[in-house]
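Worksheet: the structure to be examined is printed underneath.
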Amino acid sequence: MKSVTLKIQGMHCGGCARTIQTLLERQPGVRSAAVRFESGEARVVFDPTVLDEQSLVALLEQPGYHAAVQVAG
C-alpha cells in the first residue's frame, strides 16, 4: 500500500469533501480516503499495482476539482 496527500481546489463546503471522499473510496485500488474541507486536502491510501497518483488526480478533475500531489518537504 502507498499513501499520498492531494491538495484539492474547488471545494466549497463539507458536502464537496464528502462527495470527493466517496468518489475516492469507490475507486478500485483505494483502501481508504480522508478528505478535509478545512485544509483542502485528501489523504489517500491505495494499491500502487492498481492505480497511481496521476490516476487519482485525473479522477478528481473529472467532476471539476483541481487536484495535485502534495510533495512533503
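In table form, for the structure just shown:
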{"quantity": "Per-residue [θ]222 nm for the chain (sum of -39500 (n - 2.57) over DSSP H runs n ≥ 4, rounded to 500)", "calculated": "-8500 deg cm²/dmol"}
{"quantity": "Total charge dipole magnitude, the chain, about the Cα centre, Cβ charges on Lys, Arg, Asp, Glu only, Debye to nearest 20", "calculated": "160"}
{"quantity": "Pairs of alpha carbons in the chain whose separation is greater than 17 Å (percent)", "calculated": "32"}
{"quantity": "Contact order relative to length of the range 2-69, as percent, for alpha carbon pairs under 8 angstrom and 6 or more apart", "calculated": "42"}
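All of the numbers you see were taken from the coordinates with simple rules; none came from a lab. Because the structure is a prediction, the values reported are computed rather than measured. Glycine also receives a Cβ, built like all others from the backbone with ideal geometry; neighbour counts cover every protein chain displayed.
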